1. Going by what's in this entry, would Gly277 be described as at pLDDT below 75, small (Gly, Ala, Ser) and surrounded by fewer than 17 Cβ atoms within 10 Å (Cβ to Cβ)?
2. Suppose we filter segment 155-182 for residues that are assigned to a helix (DSSP H, G or I) and either at pLDDT 80 or above or among the β-branched types (Val, Ile, Thr) (or both); how many remain?
3. For segment 66-92, name all the residues that are over 16 Å from the mean Cα position of the chain (by Cα) and either of a type outside the set (D, E, K, R) or buried (at least 20 other Cβ atoms within 10 Å of the Cβ) (or both).
4. If Gly87 satisfies all but one of (1) assigned to a helix (DSSP H, G or I); (2) over 20 Å from Asn187 (Cβ atoms); (3) out of contact with any Pro (no Cβ under 7 Å at 6 or more places or on another chain), what's the number of the condition it fails?
5. I need a count of the residues in segment 284-326 that are touching a Phe, Trp or Tyr at 6+ places or on another chain (Cβ under 7 Å), in a helix (DSSP H, G or I) and not hydrophobic (A, V, I, L, M, F, W, C).
6. Look through segment 105-119, keep the residues that are in a helix (DSSP H, G or I) and surrounded by fewer than 22 Cβ atoms within 10 Å (Cβ to Cβ), and return whichever of them is modelled with the lowest pLDDT.
7. Restricting to segment 125-154, count the residues that are part of a helix (DSSP H, G or I) and in contact with a Pro (Cβ under 9 Å, 6 or more places away or on another chain).
8. Looking at segment 20-47 only, could you name the residues that are more than 20 Å from Asn355 (Cα to Cα), at pLDDT below 85 and part of a helix (DSSP H, G or I)?
Amino acid sequence: MAHSSHTTRAPHQGSAPPAAPSASLGRGPILLMALAAGLSAAGNYFAQPLLDLITQDLHIGVTLAGLIVAAAQAGYALGLILLVPLGDITERRRLAVGLFAATALFLLLTAAAPSGPLLLAGTALVALTSVGAQVIVPFAATLAAPEARGRVVGVVMSGVLLGGLVGRMAAGALSELGGWRTVYWVNALLMAVMAVLLHRKLPRLPVANGAAPTTYGALLRSTLALLREEPLLRSRAAIGAFSMASYSVQLTALTFLLTRQPYDWTAAAIGLFGLLGVIGVVGMNFAARLGDRGHVQAVSGAAGVLLTLAWLPLLAGETSLWWLGAGVILLNIAQQAGLNSSQNVIYALRPEARNRINSAFMTLFFVGGAVGASLAAVVWAGAGWSGVCVLGASLAAVSTALWVLERVRTR
């Protein structure tokens, strides 16, 4: 099983000795990395509860507004494939600090965008460099002891999840105070402060000698080669892409639903409703503990089934807030549990190539998210909420079928 490899596979020549990383990782650095990852991820979700305000202020249509969400996903995917692999040949603290500083700058540019196309460009640039969060995640996995890796990654990824949820809430609340641009100004300041804290508080992690290609071009080629060489990475990347596509359909279309009858909510109320997704943190950390105990495959299967079934209460939620809330909770638990189980599998494959493995996996993961967001905008315009639910359930069912196929091939 893939999980067992994470405790029995010998470290690759040139990788950091396991004792040193685990000794250097305390509660403080873990929490700092979780907070940093959350702030970095938050900027990709600000636009979701603000879509109606943005369309009115910049005079753009619903389709272009949906593309703002897709631009965040696509820009993030591009950063994952172009920037995250650098963590295998560059000192990771320096790389993370540089990416956080660049994100602060691009947030300022986004806040000042005078038109829809420029907002799209700014959103994509913010997303491109906000992959600093995905430099921090394998950083934490490397510093953690093998028997605690799932839990440590779960804590840091919980920061990513909470960043998205709190980011949506903060965007809605701050829009009531100073317009939709306010949250971008505030996050730019926070990202600059976090860059300083990361530089001061995180340990330096030496680059493993001989563990990665020495040129940028070879590094990118080796990242793509990992997809060819590691069947489990291919499988988990495909599962992640379809599950994220399903999840992103809900994120995008939910705003359109809640701003219309019978709800007719404000951006602030939509942001607060998104806090239901905090329960996904519980699902992620529970999944992490089960994974560390050897049940990672059971978690993966259960998450896929739950992700598919969650669209039934979401369908009923078109006119019922209770069913809508139940569906959002189930969808978040399933998505986060499934993501953690897949990360548990892939981080065990090649410790010396953890950044490239994370890059390959997360690139396809967020490409799936971008496709889901784009499809949601189109399907909403043509078939409304019922069409959106059929789309989301279909994508989730494909992710579950891919997990079944993985188990059949593995056995």
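1. Here the answer is no, as Gly277 does not meet what is asked.
2. Qualifying residue count, segment 155-182: 19.
3. Initially, segment 66-92 is screened for residues over 16 Å from the mean Cα position of the chain (by Cα), giving 66-68, 82, 85-92.
Residues satisfying the conditions are Gly66, Leu67, Ile68, Leu82, Pro85, Leu86, Gly87, Asp88, Ile89, Thr90, Arg92.
4. Only one criterion is unmet by Gly87, namely (3).
5. Residues flagged as touching a Phe, Trp or Tyr at 6+ places or on another chain (Cβ under 7 Å), in a helix (DSSP H, G or I) and not hydrophobic (A, V, I, L, M, F, W, C) within segment 284-326 amount to 4.
6. Among those that are in a helix (DSSP H, G or I) and surrounded by fewer than 22 Cβ atoms within 10 Å (Cβ to Cβ), it is Gly116.
7. First, pick out the residues of segment 125-154 that are part of a helix (DSSP H, G or I): 125-129, 132-143, 146-154.
In the following step, the residues that additionally are in contact with a Pro (Cβ under 9 Å, 6 or more places away or on another chain) were identified as 140-143, 146, 153.
Here the count works out to 6.
8. Ala23, Arg27, Gly28
The values are calculated or read from the model by the stated rules, or taken from the named source; none is laboratory data. Bear in mind that the values here come from a model prediction, so they are computed numbers and not experimental data. Every residue, glycine as well, gets a Cβ built from its backbone with ideal geometry; the counts of neighbours run over all protein chains shown.
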